[in-house]
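These notes concern the structure reproduced below.
The values are calculated or read from the model by the stated rules, or taken from the named source; none is laboratory data. Every value quoted in this text rests on a predicted model; they were computed, and no experiment measured them. Every residue, glycine among them, receives a Cβ derived from its backbone with ideal geometry; neighbour counts consider all protein chains shown. Remember, those area values only see protein heavy atoms, side chains included, never the ligands or the DNA or RNA. Shrake-Rupley method; radii C 1.70, N 1.55, O 1.52, S 1.80 Å.
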Amino acid sequence: MLKKYKKLLPIIMILFTHSINAADWSQFTTPTNTKPYVIGKTNNGCIAGAQALPLQGDGYLVVHLERRRYYGHPLLIQTLKMLAKQAQQQQLGVLQMGDLGQARGGALPFGHRSHQSGLDADVWFNLNPASYANANKQRSNIKQPSMLNSNGKGLNARWTNKHRKLLELAANIAEVDRIFVNPYIKRDLCETVSGNRQWLQKIRPWYHHDEHFHIRLRCPESSPDCIKQAAISVGDGCDATLAWWFEKHTASRSTKKKSAMPKACRALLSD
Ligand SMILES: [Zn+2]
């Protein structure tokens, strides 16, 4: 009897590993009750002991409540609250917090490849949320206006100095590793920012990101299993790496095969 099962063991192991990779991380509605700990990469990882961003606070609103993607590492929660407060003090407007991550991180069923390890957050560029807060309890299906003009080859009149200031505030937060914006936005900053341009280094051009910007924190010291992203090269990034985005090329987004979920994430799937 036992022998028979021994033979099956490798198959059971494969099935088990597969089920971890394909696990539906969106089913978890509560973080683990453990100390905050980031495992893996932002595009292949998870988080123990995540915290929820309160759905409303000084200078901000969380949107798309039905997605329950308002969890992150306490440092992310702290960073977003601080940014909203600073924006409020400088009268930049009210921040709308889009997706952070799921209660235990992991792959999202739709919308992003990253946002898996509690270190990413999307903040909308629309700084004047309409009065939907009461009328629309889930704050869902809200229009997110783009900052690009109608031919998609420049910024429109919605883009203002307030947005530049907001990005500067965000980039100057020490825990922030990088911020993704549309290449036209990066180019605008390259052309308009004078004085201290140090913070431009953290502003990275990327696909889309014309109606929100994406904040990514560095790996917290207390999470040695957090895998660091390659460092950004020195300088303001207003160089050939930016020009690349405006050249004609056939390169497309990589279609790299998904790697296996870090084993340490397994512990987060029980209970
Ligand atoms: Zn994002």
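Listing for the model above:
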| item | result |
| --- | --- |
| At q = 0.07, 0.15, 0.17 Å⁻¹, base-10 log of I(q)/I(0) for the chain (Debye sum, equal scatterers on each alpha carbon) | -0.28, -1.15, -1.41 |
| Loop-located chymotrypsin sites (Phe, Trp or Tyr not before Pro) in the range 48-113 whose Cβ has at most 10 other Cβ within 10 Å (DSSP) | PHE110 |
| Neighbour cut-off at most 10 other Cβ (10 Å), DSSP loop, trypsin sites (Lys or Arg not before Pro), the range 120-229 | LYS137, LYS143, LYS153, LYS228 |
| Surface accessible to a 1.4 Å probe, per residue, for the residues of the chain, Å² | 55 Å² |
| Label-reachable residues, the range 39-74, where backbone N falls under 18 Å from a point 7 Å from THR29's Cα toward its Cβ | 50-55, 64-72 |
| Förster radius 35 Å - calculated FRET efficiency between ASN149 and LEU65, Cβ distance, rounded to 0.05 | 0.65 |
| Given charges at beta-carbon only (K, R positive; D, E negative), |dipole| of the chain in Debye | 1020 debye |
| Cα gyration tensor shape for the range 115-271, rounded if a/c is under 1.5, else prolate or oblate | oblate |
| DSSP loop GluC sites (Glu not before Pro) with at most 10 other Cβ within 10 Å: longest gap in the chain | 1-220 |
| Theoretical ellipticity at 222 nm over the chain - DSSP helices of four or more residues, -39500 (n - 2.57) apiece, nearest 500 | -7000 deg cm²/dmol |
| Surface share of carbon and sulfur [accessible, 1.4 angstrom probe, percent] for the chain | 54 percent |
| Value of relative contact order over the chain, rounded to a whole percent, pairs C-alpha under 8 Å and six or more apart | 20 percent |
| Gyration tensor verdict on the range 24-64 (Cα atoms; rounded if a/c is under 1.5, prolate if a/b is larger than b/c, oblate otherwise) | prolate |
| Span-rule helices in the chain, defined as complete DSSP H runs reaching 27 Å or more along the axis (Cα) with Kyte mean at least -1.0 | 2-21 |
| Net charge dipole size for the range 77-217 [Lys, Arg +1 and Asp, Glu -1 on Cβ; Debye, nearest 20] | 80 debye |
| Of LYS81/LYS258; LYS162/LYS248; LYS85/LYS162; LYS85/LYS143; LYS81/LYS153; LYS186/LYS258, those spanning more than 26 Å from alpha-carbon to alpha-carbon | LYS81/LYS258; LYS162/LYS248; LYS81/LYS153; LYS186/LYS258 |
| Charge context of ASP177, other residues only, Cβ under 12 angstrom, K/R +1, D/E -1 | +4 |
| Anisotropy class of the range 134-221 from Cα gyration tensor, a/c 1.5 cut | oblate |
| Mean-position separation - Cα centroids, the range 32-97 and the range 156-214, in angstrom | 19 Å |
| Sites HIS208 and HIS249, calculated FRET efficiency, Cβ-Cβ separation with R0 22 Å, nearest 0.05 | 0.80 |
| Extension gain (nm, one decimal) between ALA130 and THR241, 0.36 nm per residue minus Cα-Cα | 36.3 nm |
| Chymotrypsin sites (Phe, Trp or Tyr not before Pro) restricted to the range 171-248 and DSSP loop, no more than 12 other C-beta within 10 Å | TYR207 |
